[in-house]
Each structure stands twice: as structure tokens, then as C-alpha cells.
Amino acid sequence: MSKSSKKSNSSSMEKNEDLSQLEGIAQVANGRSLFSKIKSWSRSQLLAPFTVGAGCCAREIMRLEGPNPQSHFIRERFNHERVEYCDILIVSGVINEKLSPYILRVYEKMMEPKYCVAVGTCSATGAIFDTMAIDELIPVDVYIPGCPPSMDALVGGIEILRSKVAKGESRAELLKLQANQPPEEASL
Amino acid sequence: MNNINGLNTQSNQSNLLRDALYRRFGTEFKSSHIDRGAIEWRSTLFYPWKDNLKDEFESFFNELKIDFNFHMLVDISLEKKGHEKILHYGLINLENYFRLLVSVKINDGPFIPGLKHLWKSAEGLEKELEERHGLRVSNGSPSQQRSLLKKIKKEKSEKREGIRKLPEYQLPITPNQHDLQKKWYQAGPISQPLKGRARLDFLADTEKVYDCQIETGFCHRGFEKMMLNKPISEVSFFMERLCTRDSVFAPLIWNEALEQRLQVSVTEKAQAIRMVWMEMARIEGHLSYLQELTGELGFLIESSALTELIEQVYHLYNLHSGKNQNFSIFTVGGMKKDLPMGWATECLEVVKYIYKELESIQSKVIRNKSWMILTAANPMSATSALEFGLTGPNLRACGVNYDLRKRRPRYYYSDVDFQVPLGIDGTTYDRFLVRVEEIKQSIKIINQVLDHLPAGKVNDPDIDMEELFKKASDTEPLTYNMIESTEGELGILMRTKGKGLSHFHIRSPSYVHLHCFSNLVKGDSVANALSAFLSLGIDAWEMDR
Ligand code: SF4
């Protein structure tokens, strides 16, 4: 754990050279800088989700914005117009061979670090209509099961995502780190 | 319910028409099992297709259209029986309300003859045959990518987490390279107003759209083919997930088709409750349509007020079934659950509230100058609406009075008092207004039904499905059932075999409606085109199946 997190530290220092000194000062015990902690915490306070998919689950996701009593937990707008400003992809409904390139294109355009939420059985496993699962295409952070998931499950899932964003635990980043590591280290 | 007073003269006329058809085509017309109520279905087995019979085929359909006034082609479906392939064409004569099912046997020729020159709706339906079944249609326009699901079914062990590269689609090349102002623009399938329904490629300059190509299949999941491998008891589960707009009409129509097939009657109270549910689903579907359209055109306050009204309908669903969508509430012979105590009162209160709120929203929107300007575009004439095979509110917005609830009343629709709202010139404005009025009429129906709710049971617990299937298994007739769903005629054409299905086809209104779109937007601006797309009320899942 400590090794990988040190790596992430060094890579971020290369990126922002002007901030490198500040980050060096703010080094704390568990390997993450205070600065990056603040960054990811503030990101978790205003999520920027982009929704993909037109299933029955999408209808349920849209209810999160509405006047429904549970939706006051969620402060986000769920249909941002620009993909470039979003860092969370919420996928629901059936994904087939024809739609998948477009999902990938959206995913590539998104801001880093990227997070992905799979809502409903269709997108999480593809079991209902025997189609593709979203994790065959892109790494997924939170799965919300159900057909369709209940409102509580949806709100709970978003809260889990929020805590992940606050910690900066993006699965896509983790996979990238693992791919960059030399093989003997990866086995640890 | 079969003898409907107002339709006697109509049925006389349709008798005349049937006789004329007999006289003309003689032995090829056979009576089938599909007669029901005021609707006539005749099926014929036509010649196997050969090269030299192409002209005969075309002149046959030409005669049906010109001499017998079958102005609407509503559906084409392909049935496979062993090595045999049969095409079923569904035609409507609107004057006498006579329906015809023409069945054509085809063999493995290079092409099947296209009917695009006779009915414009044939273009989309034949494209579907090409995409989903791999048939070639002469003079058809080939689609850019077939939506067969074979490739997807790879081995699960190969599943690998990570980012994969997949081939990307390229826009068509501009036909005239010298005209630099015309370009192809791509909209969708993921971007906001389209939401996975379709990809639209516009050939346009800054002012006008010159051409539009539609690509569908982004939610295709092989629904019809999948049902052939399922036992009949499981189909209802999937029918609830056919359409994302509402999950009432599709499971209802399936249960009705089974009732029709097995000759089960529905109890009186269940009939009334089904009517209430259908009208509630219509209210919900139209409300979400209005919400989407107002939101897209920038009327955000009205849009969020409409969201609140949808929640009210969900509340009613929840009280009866415990869910707000995908409720398994219908069963063969009635409803699974009786209404809970006090539901009727609650429902009456809620619909009253919806009516009041809707009036105030309507008064704010439709008299608004900017709304009038934004929605005045994209008119459609009644003739071209019929040619494209439109049904439901989209057809009524063009001024054609065609509603299956009036034309073919079932349950107590002949006893309740309601009107069919009509538009004038089929603009987005009319399509909006027709739906608003339909919500009010639905509320009127709900009020009347709940005032006279019959007593008794909601289902018959003694129905033995095993027994019924055994009785019905010696014949295998085609069963067609249709319903006036939120957006038009939703139909099922099926053939049962033992405890499974040997043919299953869904006539989805959204798919047919989509193909009038390119005609609708030519000569108008791209901005209007997207609102026109929304105003057709297309549902992605129902369309792609
Ligand atoms: S998981 Fe169920 S509810 Fe969700 S999109 Fe799929 S079928 Fe619809």
C-alpha cells in the first residue's frame, strides 16, 4: 500500500512542479499529502456525474433530482451538458456492441481521476437480457444492484461513491498504477 | 362486449369489403382464427417467391392499396417455421376499420420485393428486416451497421477489466465536395436530448437541414428472439421491461393475448381496475413527455412542477403494487391484488390535484410567445402521417380521428364518456396540446370508473393453466392483440407451441414513428430538429427491442 501511494505522490509532483514544494512540506504520515487530501475532499462535496443509458433504471436515477423525500441527500444535477467537466460516469440499462464505442468515447473525454457507477443488474452484469457488462469496458467503482434498485440503494450507493472520492480511491487510477509497476512488485 | 351498437353500420360495410376481397382473390383468402370484436382479420398464403413473381407481388399490394383503400401499412414481421419463412403484413382500411393480415411465404431468393413506393412506412419496417434478420430487400436502403447480437456472446472467461479499443463509426462523406457549407453533423446517441435512442446524422448548413439519416439499435437486446427460448410463464417478467416509459401496457397486452388464446374471461372488477391502471399509465407517460419537452425548450419551472406530478402517480402505483415500476400486478384472468382500502378515494384526490396543477401549467406554457415560436415548426399533414403509419397522439395531432379505445372498445370503454382530442396541422405545438388534453380525458375516465367500481373478486383462483394449455395445444393459430398505448398502437403477433412460443413479434409504435422524422425535419433548422425529435415521444427500449 505504502509503495503504491508513494508512487502516486511522485507522479503528481512531476505534474505540478510549482506545487511540489508545498506538497513536500505538507507530507503526512500515511503517505498522502494534505494538499491532495483537501483536493479530493472538496471534489467529493460537489460530484459532477454524467449519466449514460436509457433503461428503466435511468428513470429511477432521474428521480434523485426530483421532489422525492430521499433526494435531499443528493445535491447534484444529473444531466450535465459537457462531458469534459464531469468526473463520474453513471451507467444504467443495456449495453450492447453498438453502444459501447460511444461509452468509451465519453469515458475518454472525462476529467481525471475518473469514477464509474453501474446502476442496476443490466449494466452491472448484463444478466437480464444476456448483454455486455460495463466492467468489460471500463473499471467500475461502485455497483448498485437491483432491478430497478430501490431509492435507498441508490442514495446509499452515491454516499459510498462520495466517500471513495473523498479518499481518492479511483479504480481506474489503481489499475494504471498496477500496470506501470514492475512484475515482482505487482505480486506483492 | 362483442356487439357494439355504434359499429353495426361499420360492420355491414366491412362485410361488403370482405365479399369484394373474396370475389377478387378467391380461394387464396382463408378465414383465420383471429376474428375478434369489430375487427376483421383475413390471412392468405401467397405464392412462394420467385424472380418472375415479383411483379405479381407488387401488383397484388398495389391493388389492395388503390382499389381496396388499405392506406396504412402498420407492421411487417418475419416468422420462421423450420426452413419456411413467412412474412406477415398488417394493413388497415380506415374507412371501414377493416384489418387485413397478408401472409406471404418466401423462399431463399436473393431479395424480397420492397414496398417502399406504396407505403412510406415500409422503408423503416423493411430496414428492420434487414438489420435484425439479415434479409435483403430490393430497392431498400442498407443500414450502416447490422444490429445482430451474435458477436456479443463471447465466452465469459475472456472477460477482462480495463479499457478496450473498439472500432469507431465514420460520418458519411459529403456528396458534393464543392459545396463547402453543407456538412454532416452527428447528434447522439449519448448526448442529452437523444439519450441513447438513436444517432442522427444531419446534412446541414447554418440554416437548413438537407438530409437526415437515422441509425437505431443502440438498445437492441434481441427481445423477440429471446422470448422464443423462454417458457410462457417467464415472458411476463420481460414484458414489464419492454418499455421504459411505463410498465403497464406491455405486460397487460401479453396477458390479454394469453387470455384470448386460452379463452379465459376476466372478472368484472378486474376489468375496471385494469382500465384505471391503463389510464394512470397514460397520464404518467404523457406527463414525462411534457416534462422532457418543456425542460428541453427551457421552461424549467414548469418542467420541475411536472416532475412532482409524476411522483404523485408513482405514489398511487406504490400503494397498490408496492413498486413504482416493473410491478408484477397483472395475471391471466384479472389482477394479482385487490385494491387496498381507501385507494379509490386517494386516487380521486390525486387525479383532482393533477388536473388542477396541469391547468395552471398549461395556461403558463401554451399562451407564451416564445413557446409558440419554438414549437410552430415541423408541421405534418394528415396524408403523410397515414402514409408513415403513425398512430396514437402523433396521428391525432395531424387531425385524424383514430383511437383504438373508440374504434375497438374493450372493457368498459364503450360505456364511459370521453372525447378524442385532435390537432390541426401536426406541429410540435399540436403534439404537445393533444397530450395535455388526453391527460384530462384520462382523468375523466378514471373518475367515471371509480364512481361505478363493480363488486366481486379481482381474479379467478381456480384457473388451471396446465389444463388450459393441454386443451389449446392441438391448434396453433396466430394470435394478434393490440392496445392503444401511450404513444399509439402496441401490438403482439404470436403463435404458441406447447408451453413455449414459436413466433413472437412486437409492433412497437416508437419504431414506426421514428422513420417519419427525416421527412419532418427537411428544410428546417437543426435546433428545431432536436425538439421535433423529442416531440415524437420515442422510447428507446420499446423501439429497439
Ligand atoms: S436492471 Fe432491470 S430495471 Fe434496470 S434497466 Fe435493467 S431491466 Fe430495467
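The values are calculated or read from the model by the stated rules, or taken from the named source; none is laboratory data. Predicted model, so just to flag it, every value in this text is computed and none were measured. Glycine also receives a Cβ, built like all others from the backbone with ideal geometry; neighbour counts cover every protein chain displayed. What goes into the accessible areas is simple: the full protein's heavy atoms, side chains included, and nothing from ligands, DNA or RNA. Shrake-Rupley method; radii C 1.70, N 1.55, O 1.52, S 1.80 Å.
The figure for residue B:207 is an accessible area of roughly 140 square angstrom, using a 1.4 Å probe on the protein chains alone. Mean sequence separation of contacting Cα pairs (under 8 Å, at least six apart), scaled by the length of region B:223-544, corresponds to a relative contact order of 26 percent.
Counting only protein heavy atoms and a 1.4 Å probe, region A:48-162 has 31 square angstrom of accessible area per residue. For region A:97-183, what class follows from the C-alpha gyration tensor (a ≥ b ≥ c being the square roots of its eigenvalues): rounded when a/c is under 1.5, otherwise prolate if a/b is larger than b/c, else oblate? Oblate shape, in that a/c is at least 1.5 and b/c is the bigger or equal ratio.
Taking every alpha-carbon pair under 8 Å whose residues sit at least 6 apart, region B:276-333 reaches a relative contact order of 24 percent. For region A:48-162, averaging the sequence separation of C-alpha pairs within contact (under 8 Å, six or more residues apart) and dividing by the residue count gives a relative contact order of 27 percent. Accessible surface calculations at 1.4 Å, restricted to protein heavy atoms, place region B:431-541 at 33 Å² per residue. Peptide B:193-199 shows a mean partner chain C-beta count of 4 within 10 Å per residue C-beta.
Here is the size of region B:228-275 from its Cα atoms: Rg then Dmax, 11.7, 34 Å. The distance linking region B:382-418 with region B:504-545 is 18 Å (Cα centroid to Cα centroid, whole angstrom).
What does the accessible area of residue B:205 come to, in Å² to the nearest 10, when a probe of 1.4 Å is used? Roughly 30 Å² of residue B:205 is accessible to a 1.4 Å probe. Taking other residues whose beta carbon is less than 10 angstrom from the beta carbon of residue B:402, and scoring Lys, Arg as +1 and Asp, Glu as -1, yields 0. Heavy-atom accessible area buried between chains B and A is around 4300 Å² (1.4 Å probe, both sides summed). For region A:48-162, just say rounded, prolate or oblate: build the C-alpha gyration tensor, square-root its eigenvalues into a ≥ b ≥ c, call rounded for a/c under 1.5, and beyond that prolate if a/b exceeds b/c, oblate if not. It is oblate, given that a/c is not under 1.5 and a/b is not larger than b/c. Overall, the accessible surface of region A:136-178 at a probe of 1.4 angstrom is composed of carbon and sulfur to the extent of 61 percent.
All other residues whose Cβ lies under 10 angstrom from that of residue B:537 are scored, Lys and Arg at +1 and Asp and Glu at -1, for a net of 0. Working note: Karplus 6.51/-1.76/1.60 with θ = phi - 60° gives region B:336-342 the couplings 6, 10, 7, 5, x, 4, x Hz, where Gly and Pro are set to x. Based on the alpha-carbon gyration tensor of region B:223-544 and its eigenvalue square roots a ≥ b ≥ c, which shape applies: rounded if a/c is under 1.5, prolate if not and a/b is larger than b/c, or oblate? In terms of gyration-tensor shape, oblate. Given a 1.4 Å probe and the protein chains as shown, residue B:465 ends up with an accessible area of around 60 Å².
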